[in-house]
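The values are calculated or read from the model by the stated rules, or taken from the named source; none is laboratory data. Keep in mind that this is a model prediction, so the values were computed, not measured. All Cβ positions, glycine included, derive from the backbone under ideal geometry; neighbour counts span all protein chains shown. Heads up: the accessible areas ignore ligands, DNA and RNA and are worked out on the full protein's heavy atoms, side chains in. Shrake-Rupley method; radii C 1.70, N 1.55, O 1.52, S 1.80 Å.
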Amino acid sequence: MHGKKLSSGHRAKARMLAVSNDLKNPIANHISTKELAHYFSERPNRGIGRTGKELANNTIVNDIANLRGMFNQLAKLDEWGFHNPFEGLNSVRRSEPELTFLTEAQILHLFETIKQSNCDKELRKIFKICLATGARINESVLLKGTHEFDCKITFVNTKRKRNRTLPISDCHHTKNRAIAARVLSYFRT
């Protein structure tokens, strides 16, 4: 019910099922906070991340938050009458990794590679916007002409679910349009 309305509900469900499977599908009201604390403290070292390496701490933090939220939501709907085993479980976020930037040589290589594409004009524009504003590729791909106005670009539907408006130094108003799905497919892995 509740998760279906979340933009990443399918992903959260898959992560919760992975935790449940990893715990050998226990009966929910038999799980203790202490058992969960031990599980999550050992989990990063098990090599079950997307690339088979250690899980990122933020993945674990998000998994705990999703599972805690699921039990809270079930309790609100009177579907759960037991203790929330995730209630006393604290998670610590690590500091964000240091940002890195492309060197001039890497940028030149990027644009040389783009020249070989059959949609090089669109890609060139997308990456120029990314480099000028720090936007994510998907944010640049989904830009429309109405998002560029008065030397500013507004990114909508961003990762953090907030609109973000940034000034752009190049004030040549050009027609932006949503780029076809084939362009976006270059960036899906």
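Data for the structure
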item	result
Glu112 assigned to a helix (DSSP H, G or I), farther than 19 Å from Ala28 by Cβ and either among the acidic types (Asp, Glu) or open to solvent by less than 50 Å² (accessible area, probe 1.4 Å) (or both)	yes
Residue within region 142-164 that is among the acidic types (Asp, Glu), loosely packed, with under 10 Cβ neighbours inside 10 Å, part of a helix (DSSP H, G or I) and at pLDDT 75 or above present	no
Selection from region 34-56 of residues that are touching a Pro at 6+ places or on another chain (Cβ under 9 Å) and either open to solvent by 40 Å² or more (accessible area, probe 1.4 Å) or at pLDDT below 80 (or both)	Glu35, Glu54, Leu55, Ala56
Failed condition for Thr59, given (1) within 30 Å of Asn29 (Cα to Cα); (2) open to solvent by 70 Å² or more (accessible area, probe 1.4 Å)	(2)
Conditions (1) at pLDDT below 85; (2) open to solvent by 100 Å² or more (accessible area, probe 1.4 Å); (3) farther than 23 Å from Ser8 by Cβ: number failed by Tyr186	(3)
